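Here's the structure we're looking at; comments come further down.
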Amino acid sequence: MQIHSRTLLLTALAVAAPAAAQTDDFDSGTNPNGWSFNVIPPDVIEPTGGNPGGWLRNPLVDSFAPILTIGDGNTSTFTGDYRASNVTRISIDARTDSATFGAPGREFSLLLRDTKGTAMVDDDDYVYYVGPLVPQVGQGWSSYSFDIPSQSNDVLPAGWTGGWSGDVENLRPGVTWTDIISSVDTVEFWWLNPSFFAIFQQWDVGVDNISIETGGLGTVYCSPANPNSTGMPASIAATGSDVAAVNDLTLVVTSLPTNTFGYFLNSRTQGSMTPPGAQGPLCLGGAIGRYDAQTWNSGAAGEASLTLDLTAIPTPTGAMAAQAGETWNFQAWFRDANPSVVSNLSDAISVTLR
């Protein structure tokens with residue numbers, strides 16, 4: 001009866017893993033991901049006046065619409081396989097300081113492009129989402145957020161439009177959302193609906209706080225963990241990709257005691273028992289593998305991480321390769337003094353590989 005009650009409790013406490021975000025805010029005076037309006041004169045990074053701090057500006061975009069881009073062959077955290085990375089949202093702050101004829105009625109849009117790795121546009125496929133009105137002259141900073149349903153299997157998710165050089169409002173025959181979202185080579189922000197026509201004019205525009213968010217992988221359970229000597233429970237998360245063939249899955253544990261050592265555990269089975277000498281429950285069962293060859297020290301930040309080699313998962317009987325369709329559970333074990341020397345554990349996370 002106690003085991004059954006504990007199982008119900010673990011199920012009730014299962015939650016989605018936390019999200020992660022990468023933001024370009026230009027505060028350091030650099031543009032590491034290479035955002036550009038692709039015009040002459042070149043873009044400048046203004047040290048003040050952003051939202052807040054630094055921002056990327058071009059005072060003379062002579063075009064039918066400013067188009068901010070990233071990618072096109074350059075490695076970037078904003079491009080790549082959105083499905084594998086579980087991208088959930090892209091956001092940006094933008095402003096329009098001047099426009100020859102103003103910008104009434106124009107809509108701010110996000111476009112994701114698959115260039116097929118070529119310089120030709122004829123083979124490009126893209127999808128775009130038309131948002132609210134572009135920032136108007138004198139309005140100052142406006143914030144835009146676009147949800148990215150990267151896991152959708154629809155030909156096109158609701159609200160999205162697809163296109164190519166032969167038709168700006170319909171996908172090329174045989175092309176789907178999955179094809180493009182799995183190979184995003186260029187990210188573009190348009191001061192216009194991409195399917196609309198507009199006359200040329202001169203613009204003074206800028207951007208700040210360009211962010212891409214990825215959903216945390218897996219499902220956290222057995223949470224919260226037993227508090228450690230910090231007064232907080234250690235918390236585990238998984239980032240990277242849940243695609244077995246990609247082999248890019250990283251475990252992260254936070255809220256650890258400082259400068260303590262530990263290692264991660266794994267199992268194909270969930271469980272619940274408190275080992276002798278431990279203050280928290282072990283939430284794994286069955287055959288438990290230990291990453292004791294990759295012990296870590298939590299350092300001054302009280303954090304640790306490990307990028308797993310999915311081709312060599314440690315088990316009691318030797319290393320094995322993880323396969324698509326398998327579910328693996330992970331937990332962190334660590335030393336603590338609470339107040340005497342003991343061991344403790346984080347909560348656990350379950351990741352189903354694809």
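The values are calculated or read from the model by the stated rules, or taken from the named source; none is laboratory data. Because the structure is predicted, anything quoted here is derived from the model rather than measured. In this analysis, Cβ positions are derived from the backbone assuming ideal geometry, glycine residues included, and neighbour counts consider all displayed protein chains. Accessible surface areas use protein heavy atoms only, side chains included; no ligands, DNA or RNA. Shrake-Rupley method; radii C 1.70, N 1.55, O 1.52, S 1.80 Å.
Before moving on, here are some points about what is shown:
- Across the range 178-190, rounded Karplus estimates of 3J(HN,Hα) from the backbone phi angles (6.51 cos²θ - 1.76 cosθ + 1.60, θ = phi - 60°) give 4, 4, 7, 5, 8, 8, 7, 8, 9, 10, 10, 10, 10 Hz, Gly and Pro being marked x.
- Label-to-label distance, nm, for residues given as THR311 and ASN247 (7 Å Cα→Cβ offset): 0.3
- Probe 1.4 Å, protein heavy atoms only - accessible area per residue of the chain in square angstrom: 45
- As a length-normalised measure over Cα pairs under 8 Å and 6 or more apart, the relative contact order of the chain settles at 19 percent.
- Size of electric dipole in the chain: Cβ of Lys, Arg +1 and of Asp, Glu -1, about Cα centre, debye, nearest 20: 1380
- Note on the chain: helix-only mean residue ellipticity at 222 nm, from DSSP H runs of 4+ residues weighted -39500 (n - 2.57) and normalised by residue number, equals -1500 deg cm²/dmol.
- Length gained on full extension, THR100 to PHE200: 35.1 nm, using 0.36 nm per residue less the C-alpha separation.
- Overall shape of the chain was characterised from the C-alpha gyration tensor. The equivalent ellipsoid obtained from it has semi-axes of 46, 23, 17 Å, in decreasing order.
- Rg followed by Dmax, in Å, when the range 205-288 is reduced to its Cα trace: 16.7, 63
- Electrostatic tally near THR254: other residues with Cβ closer than 14 Å to its Cβ, Lys and Arg +1, Asp and Glu -1, net -2.
- Cα shape, the range 116-255, gyration tensor, a/c 1.5 rule: oblate
- Working ranking of peptides 152-165, 56-69 by packing, defined as the average number of other Cβ atoms within 10 Å per residue, highest first, is 56-69, 152-165.
- Within the shell defined by Cβ-Cβ distances under 13 Å, the residues around VAL155 carry a net charge of -2, with Lys and Arg each +1 and Asp and Glu each -1.
- Derived scalar couplings between HN and Hα for the range 25-35 equal 10, 6, 5, 7, x, 10, 10, x, 8, x, 5 Hz in order, rounded to whole Hz, by the Karplus curve 6.51 cos²θ - 1.76 cosθ + 1.60 (θ = phi - 60°), x for Gly and Pro.
- Counting Lys and Arg as +1 and Asp and Glu as -1 over every other residue whose Cβ lies under 15 Å from the Cβ of PHE101, the net charge comes to -2.
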